[in-house]
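Since the structure comes first, as structure tokens, the remarks are kept for the end.
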Amino acid sequence: MSGAPVRWSRPSRLDDPLELPAGKLADGMESLGLRTVGELLEHLPRDSREARTVAALRAGEQATVAVWVRAIGAKSVRRAGMRPLVEATVFDGTGSMRAMFFNQPWLVQRYQPGTRLVLHGKADDRGGFCVSHHASGSDAALNGSSGEDGSGSGGAEHSSVTDIPGDTVGFAETGVVVAHYPAVVGVTSTQILTLMRSARGALGDVPEALPAATRVSEGLPDRASALAAMHFPRNREDLEMGRVRLAFEELLLMQLAFLRRRAGRSSRQATPRMGAAHVLDERPSLSERWLQSGLPFVLTGDQRRVIETIRGDLEQPHAMQRLLMGEVGSGKTVVALYAMLRAVEHGCQAALMAPTETLAEQHFATLQQLIGVEPVAGALLTGSTPARRRKDILGKLASGELSLIVGTHALIEPDVKFRTLAVAVIDEQHRFGVRQRVALGEGNPARGGGISPHPPHMLHMTATPIPRTLALARYGDLEMSALRELPSGRQVIDTRAVAGEVARARAYELLREQLRAGRQGYVVCPLIDEAQAPTAGEDQSEARAHGPEGWVGQRAATAELKRLTEGELEGYELMLLHGGMRTREKQEAMAAFASGKADVLVATTVIEVGIDVPNATVMLVENAERFGISQLHQLRGRVGRGEHRATCLLMGSHPTSPGAARLRALVEHSDGFRLAEIDLGLRKEGELVGTRQSGLGQFEVACLPQDALLLERARARAETIVAVDPALQAPEHELLGDALERKFGAEAFEPIWA
Ligand code: ADP
Ligand code: MG
């Protein structure tokens with residue numbers, strides 16, 4: 001299939017180059033990557049502007065109108081360097097007005113009476129309309145009002161006068177929806193629209209990727225109609241219908257790619273390249289002994305279930321690719337260690353990669369502790385492992401003397417070679433790039449160093465709970481497991497939303513009460529200092545996405561420290577901790593807090609990660625409405641880690657703000673998965689959570705969360721298609737295969753094992 005020529009429906013007008021006069025417009029189109037008619041037609045509007053009627057214009061407001069020219073003329077302007085002002089009387093079915101074009105005297109010739117125009121600009125309160133962008137149906141090279149380049153009209157000769165409704169009154173009444181394209185230097189949205197009109201005839205050549213059966217059962221229009229509906233909508237419904245059709249196709253292609261990858265991995269006649277894995281199916285010995293007697297606690301039901309599932313995965317002839325989601329403290333490490341021990345007891349090797357040295361060190365210590373008396377040869381490899389030690393470790397990894405290794409990115413350096421890496425675990429997988437994750441998976445064959453030709457079974461772990469919709473969109477090619485149940489003895493943190501001065505006073509009273517009882521607390525602020533930009537917390541983009549503009553009125557850690565030291569917390573020992581401090585200063589502050597020397601840590605979101613002080617029982621979060629749900633949930637996980645009952649106080653200043661719904665969710669729920677679902681539900685249009693971190697980027701057309709159902713439909717349809725025709729070779733799937741290849745490249749057809 002790969003390498004097959006792209007099949008257009010017939011010799012196509014889509015391949016024709018766009019004919020543009022040289023200049024800003026041509027350059028701009030080039031920078032948009034639009035060279036052919038086909039590329040132009042695939043350039044979708046970002047949103048639409050409902051054209052106002054002339055009668056409905058309000059002074060001072062940006063608006064788009066669709067009008068006809070009644071009269072036009074130039075007027076000299078009494079200011080040096082200004083060219084004559086062009087004034088046109090324009091009208092629609094509701095009224096007429098004076099449109100003003102600045103600095104473009106040639107428009108007098110171009111916009112003769114009777115021309116249909118789409119104008120974008122601002123109405124004044126004297127019946128005038130200042131035009132900033134304009135286009136007519138028969139004029140390709142139009143300009144913004146800065147208009148230095150007035151040279152000639154575009155090469156695309158055509159007439160779209162045909163789509164002017166004959167009856168002007170009807171036209172005004174329907175309210176025209178105008179496609180709006182993101183502008184770039186040199187090209188305005190209206191210019192693109194004009195070009196689009198001229199290319200309209202080529203829509204008939206647009207290939208249809210969806211099989212007829214799929215289109216019919218999903219109730220979707222064909223591709224050409226969908227594109228036409230988006231570029232030339234008659235109304236909002238047109239736009240949405242076209243968008244849904246294109247979004248479905250986009251989601252379907254993505255799910256097909258995921259499923260094909262998965263199918264490739266589990267294919268029966270798998271070769272090593274295709275994912276034939278170490279079959280770990282001997283009777284458990286070490287791992288069983290360890291589960292029976294080596295654990296200092298009883299496994300939760302979730303942990304037992306996932307361990308069972310993984311045991312099954314490891315027995316398969318193709319490599320496991322499993323995502324394990326579980327909040328901080330849910331006990332993922334034990335599960336990972338089980339998988340690793342299965343490798344070890346088969347005489348193979350296992351690796352665990354963590355994103356930071358601290359985490360790697362902690363993991364190594366934990367694993368050693370968990371393994372206890374079992375004789376497992378393990379080592380830690382990070383960037384600060386001394387050269388001699390490193391050399392020794394690499395030697396033992398290559399010889400197979402070491403069975404288990406824990407480390408950072410240091411594990412994927414090119415000279416690290418395993419003898420038989422059978423299980424690879426990646427903790428906090430979202431903090432690694434795709435390539436890094438794959439690199440660990442390629443530990444054996446790609447580097448040719450080891451003797452094993454097999455890719456390892458891979459377990460990707462994340463502490464971020466991901467709702468199903470997002471998981472499908474991001475990790476549709478992975479099997480998924482979750483640890484929802486927290487180990488017993490973990491307590492629910494009493495969470496309260498606090499607003500108003502009286503409540504604030506009571507909050508400090510509660511904090512002091514705890515301090516008097518010997519406990520400790522956190523005060524979290526969104527800023528480092530008042531003059532400064534947002535703190536460099538990990539999730540700032542998320543926080544920013546929610547709040548009103550700017551950071552005015554936000555509390556800053558440095559100022560709060562001073563204020564509290566002299567005010568509500570006078571007499572207690574306060575420490576500052578924020579991302580702007582030097583590493584040594586941070587370490588000192590954390591050490592002082594951990595040892596109990598400091599009573600209160602006044603901090604930014606840096607405390608989100610890595611701080612574990614069981615004696616801390618109160619957290620006070622300032623401007624809590626500025627933070628995202630998941631971030632607040634993570635933050636509050638810093639308290640309640642010991643035997644004492646813990647409280648989290650979310651200080652919000654606007655009980656009616658959109659942030660209030662998020663705070664309520666935190667007050668009501670402690671399950672991270674439930675919170676993630678609520679969070680997704682509260683997101684505004686197109687505000688897809690987490691794509692920033694995942695590096696996956698937004699979709700081109702689809703829009704989550706509101707296209708969640710469409711995604712489910714696409715997934716189901718993809719499953720049906722792959723079940724009957726995994727190679728997409730049936731005649732009705734050929735064009736779908738072409739589309740997949742165009743979108744993801746020939747690799748889409750190769751079974752990818754990592
Ligand atoms: P995660 O990596 O998911 O954040 P860990 O694996 O580090 O969580 O486990 C958190 C803590 O809980 C560790 O101290 C671990 O020993 C402990 N733990 C794990 N599973 C259980 C369990 N079933 N019962 C009691 N404690 C557990
Ligand atoms: Mg962990």
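Could you provide, to the nearest whole Å², the per residue accessible area of the stretch 198-238 with probe 1.4 Å?
On a per-residue basis, the stretch 198-238 sits at 39 Å².
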Item checked: Residues listed by number, the stretch 336-358, amide nitrogen under 16 Å from Arg283 label point at 7 Å toward C-beta -> 345-346
Notebook entry, point to check: Share of the stretch 177-244's accessible area from carbon and sulfur, percent, 1.4 Å?
Noted result: 59 percent
Next item on the list: Please go through the stretch 585-665 and write out the GluC sites (Glu not before Pro) that DSSP classes as loop and that have at most 16 other C-beta atoms within 10 Å.
Entry: Glu643
Notebook entry, point to check: Stokes-Einstein at 10 °C, 1.306 mPa s, Kirkwood radius from Cα pairs: D for the stretch 191-349 in µm² s⁻¹?
Noted result: 78 µm²/s
Next item on the list: Express in whole angstrom the spacing between the alpha-carbon centres of the stretch 19-60 and the stretch 278-310.
Entry: 60 Å
Checklist line | For the stretch 559-652: accessible area per residue (Å², 1.4 Å) | finding: 39 Å²
Next item on the list: Please work out how much length the chain gains when fully extended from Glu401 to Val373, using 0.36 nm per residue of separation minus the C-alpha to C-alpha distance, in nm with one decimal.
Entry: 8.2 nm
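Using the structure shown, select from Lys332/Lys396; Lys332/Lys391; Lys24/Lys75; Lys391/Lys417 the pairs with a Cα to Cα distance greater than 20 angstrom.
The pairs that break the limit, which is 20 Å between Cα atoms, are Lys332/Lys396; Lys332/Lys391; Lys24/Lys75.
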Check: Quick one: ranking Ser12, Ser399 by accessible area, 1.4 Å probe, largest first, what do you get?
Finding: Ser399, Ser12
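The values are calculated or read from the model by the stated rules, or taken from the named source; none is laboratory data. Since the model is a prediction, treat every value here as computed from it, not as a measurement. FYI the Cβ positions are ideal-geometry reconstructions off the backbone, even for glycines, and counts take in every protein chain you see. Side chains are part of the model used for accessible areas, which takes the heavy atoms of the whole protein and leaves out ligands, DNA and RNA. Shrake-Rupley method; radii C 1.70, N 1.55, O 1.52, S 1.80 Å.
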